[in-house]
Each structure stands twice: as structure tokens, then as C-alpha cells.
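A.B. asks: Mind looking over this structure? Questions follow.
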Amino acid sequence: MNMANCRPARRWMMSEQFLLPGCSQSELQEFLLQQGEKPFRAKQICSWLYGKCEFDVMQMLNLPLALREKLRESAGSPRSQVVECAAGSGGTEKLLIKLFDGELIEMVLIPSPERMTFCLSTQVGCPVRCRFCASGAHGLVRNLQCDEILEEFYYGVKQHGALPDNIVFMGIGEGLLNWKNLRRALEVLSAPDDEGFGMSPRRITVSTSGYVPGMQEFAAWGRPYNLAVSLHAVDDLTRSKLIPDNCRYPISEILQACELYAEKAGRMVTFEYTLIDGINDDPAMGRELGRIAHRLHAKVNLIACNPVDGTFARPPEKRLDEFQKAVREFAFSVTMRVEKGSSAASACGQLRIKRTK
């Protein structure tokens, strides 16, 4: 499978600047020594970064002012800023974040009676360009660096006033095509004791469009994070109508990678399936999806299409019900995602698209 067209459209040189979000205590100690500072300050700084989720060095008040000013110049954070907050139905809030180079990304706060979920992005734009999804409408610009991913989390905490219960990497981008930065962000989010935010990997979900090499690498890592696979079809012909050739793997290979992940990580895979009127909503397809989920002992999450520029339509409610019942004939865990945020352009990528038109 040729993934050349799924890589960044232009080379992005990683910044050589030392960046605080994502650093470890040992890395910070080395940096401080190079700056002529006392290495014990590293523990204090990490306590602010991860214990208090404070990325603004000027707010780290137990550090000398001279050190704070030096850090602001040499390793300042955050490098991004929230430029818009859009409230959606169901209490969702979408934050539009402007990065240091002017590019825009989104993160979403999704509340429910029992929990708060943060939905984070991993790339500026998306190389996969699913034909029903707004986030890939303009293709991929670049990967997010680890500190930029963590700054999304930081802004979510500031908005919510507390750490979330769950994190889903289901925002803009194909995270497994940005594995180096995503992996480090995952490590920081789940590391304990002032090395990270101490979130259980079981409360963090990584979504993929079915990038098989990335799924295999994720499986080899062997950590118990959750994996969600955007399947959207049960046969390759139907899937070809939704996902361009250059970013599409055969369903058989995707399912093999799912089995590998379940074996190595010890976690059930979730299949995401966006229902589109007249394309993939036949109840016979639902029964096949149920059979696949049953065989792999996987969960199924059904999503009614959120139309983008009139290209695809949401199935009627009767059709949604028929499809869900068909899946339930075989699958043991089936949910229909409750729509939240469409009134505020909170569906993935839509707020960014409005700003970049």
C-alpha cells in the first residue's frame, strides 16, 4: 500500500527549542544545568506542569522571577492560544486553537451526566480525507508536535476546571501517522507522580482510519490504551466510495491488525461506523458488521452522518433503527452515538473550515 500521499504535503522542520510540555524531570534537569540553573528546580517545574496542569511559566510562583523570565524566553509555553470558543447542543464546547505558526486546530469538551471527555487533534488537517468528513477537506498541513497536543489538553482543563474522565484522539488528523508525537503525549498523559497527568490508559482512546502499519506498531507497544477503528463499511467496494485509494487498506488487513492489537494490548477494539444514506446503511451490511464484531469480540459505535456541504446525507430515523437492530442480531455491544455540538459546527473540522475558507 502506497502511503506517500498520506504524508505531509511539505517538510516540517521540528523546532530545536526546548519545550516544557512533554519533557521529563531528567530532561528538564539537563536543560536547567545548561542554563546555569539549579537542577532541583526541575521537580518544581514538573509539579506545575503535570501536578497543577499549569503551562504558563509566569504563573509558577515558587520559581524566582528571573528564572521564570528566562524560561519564558528559552522554553516558553504555551505557544498556542484559544481564538474562539463555540458552545454546542448538549453542553459541548469547541475550542479553536491558533498555533505558533498561525495554523488552526480544534479540541472539544464533551460532557455527560457521568463524565467529561476531551476530544483532541493530532494533525493540522488530515491526509486520509474521508469524503464525508470536514477535517480533511484541505488535506494535511503538518503533524502536531507533542507540546501542541498537550496544550490542547491544557486548554481543556482550564475551560473545564478539572482533569477529564476520558480522552479520545478523534479530532483532526490520523494520529497513527504522527506516532512519535502521539506516543510521547500518551506517555505524559498516563505517567504518574509529576512526570505526567496520571490518567489510566484504559480511559484514553486512539482512533484510526485503519492505517495498518500504525496499528501494528501500536499493538507492539503493548500498552492497554483503547483502539477505535473507523471502519464505515463491511466490504472494500463500499469503503472505496468513502476513503480515497491512497489511504485505504483492505478490510481483511485491518481486521487482522485489530486481532493483533486485542492480543498484545489486552483491550477490545471498537468499530466506528458512520451511517450514510444509500451508501452503507443496508440492514444486510449491519448484520455483516455484527458478525465481524462478534468474531473479534469488538464493540460497535454507530454514528449518523453529519452532512458536509451537502455531499452525503443522514439516513432517516427508521433506517437508523433498522440498521442498529441488524447489528444487534450478532454483536454483543452496540451503541448509537448521541449527536452533540452540530449547532456550533462542533462536528470534527467544521469550525476550522469556516475560519480557513
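A.B. asks: Among (1) part of a helix (DSSP H, G or I); (2) without any contact (Cβ under 8 Å) to a residue 12 or more places away in the chain, which single condition is GLY102 missing?
C.D. replies: Going through (1) part of a helix (DSSP H, G or I); (2) without any contact (Cβ under 8 Å) to a residue 12 or more places away in the chain one by one, GLY102 breaks only (1).
A.B. asks: Scan segment 113-128 and give yes if some residue there is part of a helix (DSSP H, G or I), hydrophobic (A, V, I, L, M, F, W, C) and assigned by TED's automatic domain parsing to the domain that holds VAL269, otherwise no.
C.D. replies: The answer is no; no qualifying residue exists.
A.B. asks: Sticking with this structure for a sec: From the residues in segment 88-136 that are surrounded by fewer than 24 Cβ atoms within 10 Å (Cβ to Cβ), under 27 Å from PHE197 (Cα atoms) and of a type in the set (Ser, Thr, Tyr), which one is modelled with the highest pLDDT?
C.D. replies: Applying the filter and picking the extreme gives THR117.
A.B. asks: Pairs under 8 Å by beta carbon, first residue of a type in the set (Ser, Thr, Tyr) and outside any loop (DSSP other than H, G, I, E, B) in segment 9-26, partner at pLDDT 90 or above and surrounded by 12 or more Cβ atoms within 10 Å (Cβ to Cβ), six or more apart or different chains?
C.D. replies: Once the first residue is of a type in the set (Ser, Thr, Tyr) and outside any loop (DSSP other than H, G, I, E, B) and sits in segment 9-26, its partners that are at pLDDT 90 or above and surrounded by 12 or more Cβ atoms within 10 Å (Cβ to Cβ) give SER26/ALA42.
A.B. asks: Sort through ILE254, ILE243, ILE279 and tell me the only one that's within 21 Å of the chain's Cα centre (by Cα) and either without any contact (Cβ under 8 Å) to a residue 60 or more places away in the chain or not assigned by TED's automatic domain parsing to the domain that holds MET170 (or both).
C.D. replies: One residue alone meets the criteria, ILE254.
A.B. asks: Turning to a different aspect of this structure: Kindly indicate whether any position in segment 229-238 is surrounded by fewer than 21 Cβ atoms within 10 Å (Cβ to Cβ) and closer than 25 Å to GLY266 by Cβ.
C.D. replies: Scanning segment 229-238, I find no residue that is surrounded by fewer than 21 Cβ atoms within 10 Å (Cβ to Cβ) and closer than 25 Å to GLY266 by Cβ, so the answer is no.
A.B. asks: For segment 305-331, which positions are of a type outside the set (D, E, K, R), surrounded by fewer than 15 Cβ atoms within 10 Å (Cβ to Cβ) and either over 28 Å from the mean Cα position of the chain (by Cα) or not assigned by TED's automatic domain parsing to the domain that holds HIS232 (or both)?
C.D. replies: PRO316, the sole residue that qualifies.
A.B. asks: Given the structure, is ASP56 touching a strand residue (DSSP E or B) at 6+ places or on another chain (Cβ under 9 Å) and modelled with pLDDT of 95 or more?
C.D. replies: The answer is no for ASP56.
A.B. asks: Taking ARG287 as the residue in question, decide whether it is basic (Lys, Arg) and without any contact (Cβ under 8 Å) to a residue 24 or more places away in the chain.
C.D. replies: So ARG287 fails the test.
The values are calculated or read from the model by the stated rules, or taken from the named source; none is laboratory data. Treat the numbers as computed from the prediction; the structure is a model and nothing was measured. Note that we place each Cβ from the backbone using ideal geometry, even for glycine, and neighbour counts take in every protein chain shown.
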